[in-house]
Amino acid sequence: MNTKGIKLWEENAVPKHRIQWCPGCGDFGVLAALKQALTELEVMPHELLLVGGIGCSGQIRNYLNGNAFHGTHGGALAYGLGAKMANPDLKVICLAGDGDTFAIGVENFVHVCRRDPDMVLLVMNNGVYGLTKGQDSPTAGLGQPDERGSREEHPPMVDALLLALASEATFVAQSFSGDVKHTARMIVEAIQHPGFAFINDFSPCVTYNRFNTYDWFRERVEHVPEDHDPSDRDAAWRLVREFARRGKIPLGVVYRNPRPKRPQRRLPLWEDELSGVDLEPVLATYR
Amino acid sequence: MRVNHVKLLVGGVQLRDGVTTVTDILGKIFTRAGLFAVAMEKGYASTIYGAHQFDPMLVTEEPPVSYGDPEVDVLVALDYDSNPDAPEQPNRDTVLRHGGKLRDGGVLVYDSSTGEIPTGALEARGIQVFPIPARRIAQSELKREIVKNVVMTGALFRLLQFDSDEAYLRQLLEERFLRKGREVVDLNLQAARRGRQEVERVLEANGYQLPVRLEPRPGRHRAVYISGNECLGLGAIAGGVRFYAGYPITPASSILEFMEQWLPKYGGRALQGQNERESIRAALGAALAGVRSMVGSSGPGISLKVEEFGVSGATETPVIVVDAQRAGPSTGMPTRPEQGDLNLVIGGGHGDFPRIVLAPGTVEECYTLMLEACELSDKYQCPVFFLTDLNLSEGKKTVLEDVFRRPQVVRHGIVREEDVRAKPYRRFEVTPSGISPRSVPGTPGAIFKASGAEHDEFGFVSIDPRKRAAMVEKRMRKLDTYLQEDWKPPQVFGSVRGNPVVVGWGNTRPVLEEARLFLQRRGVPVALVHFTHVFPLHRRKLEALFADAGPVVVVEQNFSGQFADLLQRELRIATRRVNKYNGVPLYPTEVAEAVLQALQREGAVVRIGGDSQPVPVEVGRNEHEGD
């Protein structure tokens, strides 16, 4: 482990002892994995834009070095999209919760999957709205004997991976924050993916989700088999369905199929780039 | 015979008859001929096809004060079909709706392909009637129905005694159609000639003497025929905006179309959002990355963006928000103008945050004021609202090209790597001006943490009472700085001292100017005070301005008098009000009369076109569009 590298990520950040997550929160694992992955890839903090969602998970943006932005509930992906379109050199990582992404922000999730900007979304998925004290999120009910769907108040859960696949995402992976090393691996692969990379990370809420605990996950997680072809969308869909039928949770890259991209340049923003603008071509069309 | 002053109105069935295709050609050609064309009163409906559409146009020798009153000299009806069994006959629609606006001795030209219509009442008023079977000529003689409008254009040019050598029309046709082949140009010219011949025939048969003539004044100046939305798009490009996002909505969609066409050619990008929120959020993201960013929408879309106004204010991320207002509330009347969104943009959002509201008074100011909006949003790092309305956005006019000066773009307060080596960088540093240094992500040593949650100077979340107070005060102090350094006082026409004062804001200025001139001519000296920097208001300077003023009458296109309320609140002065909210643009004479009425008693509220008896519902009939 490169401890000097890891230390870099503790600058310009809220000191460890003031991190406001419950002891044992799954998000600690994500934070550790994120630092490991960024260190491994030798990303510089000033090149990074961390866009946090609303909720416990979004706080992570301030718990490590790097530029950060935090706006409205459900908005992280759209802010990230604009920043990435403006400056393709930025490394944009959106860090949000399951409520933020699949409830109030689902409009952004679906369409950012389609747009495929070269950025990462890591969802810390715990099935609850933790910060507001434990209400159901759209991913509530994982593995529970299902009475869901019998009432409008409690619909069946959103399957994040299938939603991503149906939305034309080009990179879909799953991790479990109890396995920091694997989570870090997924983040590395997501950053390296030339397009939108979605990681659904199971990050237990130790206070408000007493059902999907670390032990519960450990009994069910299983790595994606080596012979799985992640470039095959049908295979990815089948894999998710088969794991679900067996009551198991796949960890790893479920789908990866980069689209050809037209290279984009940073938009002009400095005075010298904006001076000497010639309006003649436009005016000529109105004469 | 009147020379170089004529008001036209072209009407027809939306999409089918190509009303604005005709008026766009007219506007362009008159502009090339050195004349001034103003077509701001757009009449159309929120449907694709089938509704009545009309487009009035004033053509003058010198720049007109406003588009004038609704009365027209020449009425052009493109609608052609008539079904004697139908309760309403479409080819009479334009005539029925607008015949009353024709001045005595004016000219009516209509497509008589399916039969002539009774026009005795109009002829009794000395109106000269020209039935032209344009569609029949196009179909049976020229074998191309599409040229029926060129037949009508040729007829109209003959009626205006304009372009008798076909030079202007030929040039335009060649520009548009030569790549499709010489025969296409010739066919169109032939169509125009047939229109002329038909007019000649009627002239001879009736011995008419035409009342108006347009004479070209070429080479006097360089000018374009352009809309407000196009001008503000140009202003944004000249002002350094390189990211635009919008979601389709009338009447702001044409900004998106303009930006999609032109922004990439200046190195920028235009994004059609998947919803109103994605648009403004993406614009905030691009602004965060340092790029000047703009969004455009209209009332319903602006309502959906409200949450992000606060994000812009709290994270101090600049964004320009164009609101091309239309009649609300809810869906309202998407194709009708109103000044009803002022309260939304000055008050929308929870909590207090700084914002600046600008409202251009003319198509020209859509360009020049947009340059200011670009600088202000960058300098004050807050949302800057830019309020147009349907008529200003979609309306077109001849604009002299001197307007399009290109100032040097100045980037305000962006720190570079070398700056932060000398002095530690705090993104939200508390400063006397309230403006903090800003960095673009990617700058070594200038990491920031921006958040809509309350934060300290570095950007870390904090609910410390002292830090909170300091941060709120810092942000709001930016408005004091703006008022001191950049706020522009209202334009004043005439003398305020002891005289009644008409107050207006935004797009109504030309009409209010003309109304003031009418009143002056009638011996009523009134001043006009017109605002383009609408919010916040500089209390001290305005108190001085209004100190010795007579009665103050605020004229605006909404029901409640939103700007009058603001003025009353800020200056603690009593206002009288003239309001119009029936979806029809303001006209000078009605404004002058309403102002006279308002001057009769304190606290007067005069409602133009309002307070009327209920209009009976006619089931099964299309509703008229209120004109």
Failed condition for B:Asp378, given (1) open to solvent by 10 Å² or more (accessible area, probe 1.4 Å); (2) touching a His at 6+ places or on another chain (Cβ under 6 Å), with all others met?
(1)
Would you call A:Glu47 open to solvent by 10 Å² or more (accessible area, probe 1.4 Å), in contact with a strand residue (DSSP E or B) (Cβ under 7 Å, 6 or more places away or on another chain) and within 9 Å of another protein chain (Cβ to nearest Cβ)?
yes
Suppose the filter is open to solvent by less than 60 Å² (accessible area, probe 1.4 Å) and within 14 Å of another protein chain (Cβ to nearest Cβ); does A:Leu269 pass it?
yes
Members of the range A:75-91 found to be in contact with a Phe, Trp or Tyr (Cβ under 9 Å, 6 or more places away or on another chain) and within 24 Å of A:Val14 (Cβ to Cβ), listed by number:
A:Ala76, A:Leu77, A:Tyr79, A:Gly80, A:Ala83
When residues of the range B:264-321 are filtered for being under 19 Å from B:Ala252 (Cβ atoms), among the hydroxyl-bearing types (Ser, Thr, Tyr) and surrounded by fewer than 24 Cβ atoms within 10 Å (Cβ to Cβ), how many remain?
1
Select from the range A:229-240 the residues that are surrounded by 13 or more Cβ atoms within 10 Å (Cβ to Cβ) and assigned to a helix (DSSP H, G or I) and list them in ascending order.
A:Arg233, A:Ala235, A:Ala236, A:Trp237, A:Leu239, A:Val240
Is there a residue being in contact with a Leu (Cβ under 6 Å, 6 or more places away or on another chain), in contact (Cβ under 8 Å) with a residue 12 or more places away in the chain and open to solvent by less than 10 Å² (accessible area, probe 1.4 Å) anywhere in the range A:138-159?
no
Going residue by residue through the range B:471-491, is there one that turns out to be over 30 Å from B:Phe546 (Cα atoms), assigned to a loop (DSSP other than H, G, I, E, B) and of a type outside the set (S, T, N, Q)?
no
Tell me whether the range B:421-437 contains one or more residues that are within 28 Å of B:Ser297 (Cβ to Cβ), at the interface with chain A (Cβ under 10 Å from one of its Cβ atoms) and in a loop (DSSP other than H, G, I, E, B).
no
What's the number of the condition B:Gly115 fails, among (1) within 20 Å of B:Val3 (Cα to Cα); (2) in a loop (DSSP other than H, G, I, E, B)?
(1)
Tell me the residue from B:Ala515, B:Ala470, B:Ala549, B:Ala527 that is assigned by TED's automatic domain parsing to the domain that holds B:Ala446, open to solvent by less than 40 Å² (accessible area, probe 1.4 Å) and of a type in the set (A, V, I, L, M, F, W, C), please.
B:Ala470
Among B:Arg176, B:Arg97, B:Arg201, which is the only one that is open to solvent by 10 Å² or more (accessible area, probe 1.4 Å) and within 28 Å of A:Thr285 (Cβ to Cβ)?
B:Arg176
Looking at A:Glu42 and the list (1) on the phi > 0 side of the Ramachandran plot; (2) within 14 Å of chain B (Cβ to nearest Cβ), which single condition is not satisfied?
(2)
Looking only at the range B:596-607, decide whether some residue is part of a loop (DSSP other than H, G, I, E, B), more than 20 Å from B:Lys101 (Cα to Cα), in contact with a Gly (Cβ under 9 Å, 6 or more places away or on another chain) and not assigned by TED's automatic domain parsing to the domain that holds B:Ser66.
yes
Within the range B:230-251, is even one residue touching a strand residue (DSSP E or B) at 6+ places or on another chain (Cβ under 8 Å), away from chain A (no Cβ under 12 Å), crowded, with 22+ Cβ neighbours inside 10 Å and closer than 30 Å to A:Asp272 by Cα?
yes
Restricting to the range B:278-290, what's the tally of residues that are at the interface with chain A (Cβ under 7 Å from one of its Cβ atoms) and either among the charged types (D, E, K, R) or in a helix (DSSP H, G or I) (or both)?
8
Can you confirm whether the range B:348-356 contains a residue that is in a loop (DSSP other than H, G, I, E, B), within 13 Å of another protein chain (Cβ to nearest Cβ), of a type in the set (D, E, K, R) and in contact with a helix residue (DSSP H, G or I) (Cβ under 9 Å, 6 or more places away or on another chain)?
no
Where A:Pro250 falls short, out of the listed (1) open to solvent by 60 Å² or more (accessible area, probe 1.4 Å); (2) more than 14 Å from chain B (Cβ to nearest Cβ):
(1)
Which one of B:Lys474, B:Lys478, B:Lys449 is in contact with a Phe, Trp or Tyr (Cβ under 8 Å, 6 or more places away or on another chain), of a type in the set (Lys, Arg) and within 14 Å of chain A (Cβ to nearest Cβ)?
B:Lys449
Being open to solvent by 10 Å² or more (accessible area, probe 1.4 Å) and more than 13 Å from every other protein chain (Cβ to nearest Cβ) narrows A:Asn87, A:Asn126 down to just A:Asn126
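The values are calculated or read from the model by the stated rules, or taken from the named source; none is laboratory data. This is a predicted model, so every value here is computed, not measured. Positions of Cβ are generated from backbone atoms using ideal geometry, with glycine treated the same way; all protein chains shown enter the neighbour counts. All accessible areas refer to the heavy atoms of the entire protein, side chains included, with ligands and DNA or RNA removed. Shrake-Rupley method; radii C 1.70, N 1.55, O 1.52, S 1.80 Å.
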